[in-house]
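Okay, structure first, notes after.
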Amino acid sequence: MTFLQVNSSGNEVSLMLFFGTIGMLVLAIGMIIFIIFHQRKVIRYQLRFQKLEFQQQKTLLNASIRFQEEERQRIAADLHDDAGPLLATARLYLNENLVNLDKNAQLQSIYNAKQIIDDTIQLIRNISHSLMPPTLKNFGLESAVNDLFQKISGSGSLNASCRFHDYRERLIPDQELIIFRIIQELINNILKHSNSSFIHLTQNISGPKLYIRMHHDGRGLTQADFEKLNKSGGGLGLKNIQSRLKLLQGRIFFEKDASQTYYKITIEAPRSEEQTLKEEKVITY
Amino acid sequence: MLLQNIALVSHLLPLFLFFLFFRRNNERDIRVILFYCLYSFVNDIVITHLNTTEQYTLTFILLSAFTLIEYALFSYVLYINIKKAIFRKLILIISPFFIVFSIFQFLRSAGNGIDSISITVEYILLIIYCLFYFFDELIEPNATFIYATYKFWILVAILIYSTGTFFLFLQSSDLTPEEWNKWSIINHLCTIAKTAFFSVAVIMRKEPQENHFFDVDADHLFENHYKP
């Protein structure tokens, strides 16, 4: 420790003591001030980040509320414009039956009323199916997606195909519904905007995650476009996808294929621990 | 002399404020600091008395004991406030070495003035421990501002006192009694600053108020929105 001690004249010692003390204090105070300012900067950055995140959540919340309102309006319009007039017409036929005493005319009007009531039943069934597809509820995501793709292919406008590689264990119904809605939304977007000639969907699992990938050859989005549209005022459907994914705790990735010919959309969704364990047991046996 | 008296009495300020504010901050580290203040006050009075009666050996013993106890108390306060396990371990490893070194120095010096080497080493160690704490705060900043916690003011007091008096005690063996009297103004000023910072720590509340950015829990609002 002798290096710490200075053996020199009194004046030199005093100078060293004075400047040494000043130097040490300046260093200590400088360090404290630096830490205070650095921390303030970090906290301000965190607050700004939280604010942005909050705004993003608010946008998503607004989008989901708007989407729900639109859905309600659509159902109301379907009931009012289609079911309402049909039932009114059926009532007219039945009224006519009361007034008209001619048996043939009565039979004809009853037949017409029956036809109209059948149409109404079909219409209400369609509305109900659009709210909750029965195939999804009874047979699961794989069957519901297959049905959807068959309908699209059946329309003849484009070729839609799907393949589920590993869907032995169904997801919980809530998850299936969310994923199905996301797929529906993506397909709607592809049909509306992409002008593609085919859509192909594949499913697979990897550990505790389920993956769904869609390919199409039309105009598509990249992740940057998706994020930009998500932050902007428009793109209600995309915001809806984002909020559903948030609920699902899943992720989505939009990209262009390496060959630059196709667009790919990958959805990652978590599987419950129970499903993962079951899967592992099957593999062990 | 006036400054010396102010510095001596200033030791009582944190204790006075502690009772004045109805002991609103009763944390362990605050209690340690209050004990330190009381001990410093009593020690300074006794040493002043011994100096006037020219009992230098006893003064030396008391000063050496003070160095050890001061180190133990400050390093304990720093130990409980440092979050990183590696730094805490370092304090635990270094401390026994310092105690042994201090005792060795005490026996070697055999009652000559101030044990400047022990004090210098003590202050180097305390400065390093303060750096550990600040490094901790730099890499893992809290949601609250650092100066809104009482711990920060305790650390500032220790750091300012250690850095401010470092050169004084380092050179103490080379100073004549006149020079020592002249330069001990640094010690008095640093003591006043230290007790002032301790007082700030004492009057601060246990838990500073958190910065609530959100008025509502947005996540909770969002949670069941889509539940069919």
Just grab the label-to-label distance for B:Leu92 and B:Leu138, each label 7 Å out from Cα along the Cβ direction, in nm (one decimal).
-> 2.6 nm
Taking Cα centroids, how far is segment A:11-66 from segment B:1-80 in Å?
-> 33 Å
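Express the accessible area of chain B per residue in Å², computed with a 1.4 Å probe while the remaining protein chains stay in the model.
I get 51 Å² per residue for this part.
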Accessible surface ranking that places the most exposed of B:Leu38, A:Leu61 first, with a 1.4 angstrom probe | B:Leu38, A:Leu61
With every protein chain left in place, what is the accessible area of B:Leu168 in Å² (1.4 Å probe, nearest 10)?
-> 0 Å²
Could you list which residues have their amide H under 5 Å from that of A:Asn159, counting only those 5 or more apart in sequence or on another chain, with H placed in the peptide plane?
-> A:Phe198, A:Ile199
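Let me confirm one metric for peptide A:34-44, namely the mean number of other chain beta-carbon atoms within 10 Å of its residues' beta-carbons.
Details: counts 2, 9, 5, 0, 5, 10, 4, 1, 4, 7, 0.
Shielding by partners across A:34-44 averages 4.
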Nonlocal amide H pairs with A:Lys264, under 5 Å, H built at 1.01 Å | A:Glu255, A:Lys256, A:Asp257
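At a 1.4 Å probe radius, carbon and sulfur cover how many percent of the accessible area of segment B:2-208? Write out the running numbers ahead of the final one.
Values: 6740 of 9540 Å².
For segment B:2-208, the apolar C and S fraction of the accessible surface comes to 71 percent.
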Once whole DSSP H runs in chain B are found, which of them have Cα atoms spread over 20 Å or more along the helix axis and a mean Kyte-Doolittle score of at least 0.5?
-> B:28-52, B:56-81, B:85-109, B:116-139, B:150-171
Using only Cα atoms, tell me the angle between helix A:103-131 and the longest principal axis of chain A; keep it within 0 to 90° and round to the nearest 10.
-> 10 degrees
Alpha-carbon centroids, segment A:108-152 and segment B:125-193: separation in whole Å | 80 Å
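Averaged over A:27-33, how many beta carbons belonging to a partner chain fall within 10 Å of each residue's beta carbon? Display every interim value, and only then the final one.
Values: counts 3, 10, 5, 0, 6, 9, 0.
Taking the mean over all residues of the peptide, I get 5.
Order A:120-126, B:49-55, A:98-104, B:157-163 from most to least packed using the mean count of other Cβ atoms within 10 Å.
Values: A:120-126: 13.6, B:49-55: 11.3, A:98-104: 9.1, B:157-163: 24.7.
Going by the mean number of other Cβ atoms within 10 Å, highest first, we get B:157-163, A:120-126, B:49-55, A:98-104.
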What angle, in degrees between 0 and 90 and rounded to the nearest 10, separates the Cα long axis of helix A:141-155 from the longest principal axis of the Cα atoms of chain A?
-> 60 degrees
Extension gain (nm, one decimal) between A:Tyr211 and A:Leu92, 0.36 nm per residue minus Cα-Cα | 37.5 nm
Order by protection proxy (mean Cβ within 10 Å, highest first), peptides A:245-254, A:182-191 = A:182-191, A:245-254
What accessible surface, in Å², does a 1.4 Å probe find on B:Tyr79, ignoring ligands, DNA and RNA and rounding to the nearest 10?
-> 50 Å²
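Can you list, largest first and rounded to whole Å, the semi-axes you get for the protein assembly as shown by taking the square root of 5 times each eigenvalue of its Cα gyration tensor?
82, 25, 20
Provide the gained length on full extension for the span B:Glu178 to B:Ile61, in nm with one decimal, where the gain is 0.36 nm per separating residue minus the Cα-Cα distance.
Going from the current span to full extension adds 39.9 nm.
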Pick from A:Leu177, A:Leu52, A:Leu221: which is most flexible by mean-square fluctuation in a GNM of chain A where alpha carbon atoms under 10 Å apart are linked?
-> A:Leu52
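The values are calculated or read from the model by the stated rules, or taken from the named source; none is laboratory data. In this text the structure is predicted, and so the values were computed from the model without any measurement. Don't worry about glycine lacking a Cβ; one is built from the backbone with ideal geometry, like all the others, and counts go over all protein chains shown. Heads up: the accessible areas ignore ligands, DNA and RNA and are worked out on the full protein's heavy atoms, side chains in. Shrake-Rupley method; radii C 1.70, N 1.55, O 1.52, S 1.80 Å.
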